[in-house]
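Structure first, then comments.
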Amino acid sequence: MTERCRMPCWLLGLLIVVLGGCGHALAQTWPSKPLHAIVPFAAGSATDVVPRAVLEPLSAQLGQPIVVENRGGAGTTIGAAIVAKAEPDGYTLLATSSAHTLVPTVYPRAPYDTAADFAAVVSLGTSPNVLVVAPAKGFKTAQDLVAAAKAKPGTFNFSSAGVGSATHLSAERFRMAAGFEAMHIPFRGGAEAITEVLSGRADFLFTPLGTVLPQVRAGNLVALAVSSPKRAALLPEVPSVLELFPNSDYPFWIGIFMPAKTPRDIIETFHREAVKTMQLPNVKERLATLGMEPMPATPAEFDARVRAEIGTTGVLAKAAGLQPNQ
């Protein structure tokens, strides 16, 4: 009996050693072909522009092209599902934003588990959403806006890049903290939401700083506050919402993810090379002009942040009255 099982046990042990080394061997040869990055947002949005600003020079660093594809729709779940179901070999990436953490609350039937099916790889940074209005509205401060909305309940509205987007949740967070009512008008992308404010049809909007900074500097929009805990480096004269109302800030970040079972060696390599790329002077300057500020985190730390925000964002979404999409 002992003699019979000795060979199978030996073979089993060998198999374990060989298979255990496969991930390491794969990492040593990676990348050996082009990478594919899915952006689950419309072209031209902050979550499209920022990853491209990093992935293009990163492709030179890795020695392989990184093909970026926009696959928006269904609250980012269409594009994210492609990555969740992809082969975990390090060749398929998800470039997304903090809206990723809202999916379990608003899309409970999404074809993936946000916490379990993705591995956080690298943070590309954080950016405040800025509260903007058209000059014709006559608001000089955020307090002016809030006072006017309270004086005429039910008459104010705000635009966003879509239900559950960071632009939506920033506005809801601020509105609830300040204690006024406003109707939400969602659009399919940030460009349309900005146009509504420029035209005066929407009273206000929270949107990533980099997307409206030229309009603010040209005087076409007035910046009243930023949604980050502190003032933005590009708009130091504009207050943080926390200077005005407690519990009114909303984190907006952009990052890269891979399928959960991707070998850790590959994740660590991509993280290391991406961080190097973001430190290049031209890339660093480009990210700064887009309103991005560093949000340093190891892959493990980034993963932990995502898991924590799934809970906190879910609480915010329910308080704002967002209904699960069945």
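Each value in this text was obtained by applying a stated rule to the coordinates, not by laboratory testing. All of these numbers come straight from a predicted model, not from anything done at the bench. Here Cβ is always computed from backbone atoms with ideal geometry, including for glycine, and neighbour counts include all displayed protein chains.
Say we join alpha carbon atoms closer than 10 Å with springs in a Gaussian network model of the chain; which of Gly255, Gly311, Gly154 then has the biggest fluctuation?
Sorting by GNM fluctuation, first place goes to Gly154.
Run through the DSSP bridge list for the chain and note the antiparallel percent, rounded to the nearest 5. Each step should come with its number before you reach the end.
Numbers: 20 of 35 bridges.
Around 55 percent antiparallel, to the nearest 5.
For Cα Rg over 2.2 N^0.38 Å, which listed value, (i) 1.06; (ii) 1.31; (iii) 1.12, comes from the coordinates shown?
(iii)
Starting from the Cα of Lys85, draw a straight line to each of the aspartates and glutamates and keep only those under 18 Å, dropping any in the same chain fewer than 8 residues away.
Filter leaves Glu69, Asp113, Asp117.
Report, in deg cm²/dmol and to the nearest 500, the calculated mean residue ellipticity at 222 nm for the chain, where each DSSP H run with n ≥ 4 adds -39500 (n - 2.57) and the sum is divided by the residue count.
Calculated from helices alone, the mean residue ellipticity at 222 nm is -13500 deg cm²/dmol.
Going by average Cβ neighbours within 10 Å, how do the peptides 283-289, 46-52, 127-133 rank, with the highest at the top?
127-133, 46-52, 283-289
Local charge sum around Gly162 (other residues, Cβ-Cβ under 12 Å, Lys/Arg +1, Asp/Glu -1)?
Local net charge: 0.
Just to confirm a number: summing +1 for Lys and Arg and -1 for Asp and Glu over residues other than Glu243 whose beta-carbon lies under 13 angstrom from that of Glu243, what do you get?
Summing Lys and Arg as +1 and Asp and Glu as -1 gives 0.
Lysines near Lys276 by alpha-carbon distance under 22 Å, same-chain residues fewer than 8 away left out - which ones?
The reachable lysines, counting only those whose Cα sits under 22 Å from Lys276, are Lys33, Lys284.
Which of Phe187, Phe206, Phe174 ends up with the largest GNM mean-square fluctuation for the chain, with Cα atoms connected below 10 Å?
Comparing Phe187, Phe206, Phe174 in a Gaussian network model of the chain, the most mobile one is Phe187.
Taking springs between alpha-carbon atoms closer than 10 angstrom, which of Ala151, Ala193, Ala120 fluctuates most in the Gaussian network model of the chain?
Of Ala151, Ala193, Ala120, the most mobile in the Gaussian network model is Ala151.
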